[in-house]
Amino acid sequence: MEESTTKEKILKEVRNALISKQENPFKDVDFSKSVYKELKELPEVEFAIRLSDVGGTFIYCENEKAIIENLKFLKQQKGWDHIYSIDDQVIKFFTSEGVNIDNDPENFLDQKIGITRCEYLISRFGSIMVSSATLSGRRMFVYPEVHIVIAAASQVVPELKDALKGMTQNYKGRLPSQISVITGPSRTADIEKTLVMGAHGPRELYVFMVEN
């Protein structure tokens, strides 16, 4: 009798396969080996390339002074007049250099440009790992229209697994309640396959990477 449903057909195939076991034709597969090709460039260079590929902007800073100079240049070029952050270390750094950073909770919903730090930069995908454990919390990574990330070269790792291993070591097994990976500005093409930027988060993403 012919099976009446697709489910029954699939189950029959599974039963037959279990009954008539065959020798594994792929004995020599090394499952511990990476499925990716080796990175051609240094991790920092590879990250910059991949970030650009996914629509982000990479800005190299040789020291902390260069961070200030680059931010001031972007402010003038883009016409930014209001930059927001809730990270005390970020606020202290920029205000000490004469850059006004707003941290008034009343102005959170009005912010256009937000600055945060991050956990890691992942070379393979040009991605940024963030978590709820940072002083920026959860909202700052998705709310502003323009997201600026300040990171050190020492935070660059080749692969996602390296970032996860680092998180486990840094937080001694007590991982933050939220760990996210950001790859480029927010985008979607769900509606009529038309690409829309900033649909679920920032429409622009900048990474300022400073030498340690």
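The values are calculated or read from the model by the stated rules, or taken from the named source; none is laboratory data. Everything numeric in this text was worked out from a predicted model, so none of it was measured. Please note: Cβ atoms are built from the backbone with ideal geometry, for glycine as well, and neighbour counts cover all protein chains shown.
Quick rundown of the values:
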item: Which listed residue, of Asn24, Asn70, Asn100, is among the polar types (S, T, N, Q), part of a loop (DSSP other than H, G, I, E, B) and at pLDDT 90 or above; result: Asn100
item: Index of the failed condition, Tyr84 passing every other in (1) more than 19 Å from the chain's Cα centre (by Cα); (2) at pLDDT below 95; result: (2)
item: For Val35: the one exception among (1) within 30 Å of Ser180 (Cα to Cα); (2) of a type outside the set (Ser, Thr, Tyr); (3) free of Cβ contacts under 8 Å to residues at least 40 places away in the same chain; (4) outside any loop (DSSP other than H, G, I, E, B); result: (4)
item: Criterion (at pLDDT 95 or above, touching a helix residue (DSSP H, G or I) at 6+ places or on another chain (Cβ under 7 Å) and surrounded by 15 or more Cβ atoms within 10 Å (Cβ to Cβ)) met by exactly one of Gly166, Gly126; result: Gly126
item: Region 40-61 residues that are under 12 Å from Met209 (Cα atoms) and without any contact (Cβ under 8 Å) to a residue 24 or more places away in the chain, paired with ones that are surrounded by fewer than 16 Cβ atoms within 10 Å (Cβ to Cβ) and basic (Lys, Arg) (beta carbon under 7 Å, 6 or more apart); result: none
item: Residue within region 46-56 that is over 30 Å from Leu160 (Cα atoms) and in a loop (DSSP other than H, G, I, E, B) present; result: no
item: Candidate set from region 124-134 (those that are part of a loop (DSSP other than H, G, I, E, B) and farther than 20 Å from Ile83 by Cα); member that is farthest from the chain's Cα centre (by Cα); result: Ala133
item: Test result for Phe108, within 22 Å of Gly201 (Cβ to Cβ), surrounded by 15 or more Cβ atoms within 10 Å (Cβ to Cβ), without any contact (Cβ under 8 Å) to a residue 40 or more places away in the chain and aromatic (Phe, Trp, Tyr); result: yes
item: Pair list, Cβ < 9 Å and 6+ apart or interchain, from region 143-172 residues that are within 21 Å of Gly56 (Cβ to Cβ) to residues that are among the small types (Gly, Ala, Ser) and surrounded by fewer than 16 Cβ atoms within 10 Å (Cβ to Cβ); result: Glu145/Gly198; Gln155/Gly166; Val157/Gly166; Glu159/Ser34
item: Among the candidates Val157, Val146, residue that is surrounded by 15 or more Cβ atoms within 10 Å (Cβ to Cβ), under 20 Å from Leu42 (Cβ atoms), among the aliphatic types (A, V, I, L, M) and modelled with pLDDT of 90 or more; result: Val157
item: Filter pass, Ser32 being more than 30 Å from Pro158 (Cβ to Cβ) and among the hydroxyl-bearing types (Ser, Thr, Tyr); result: no
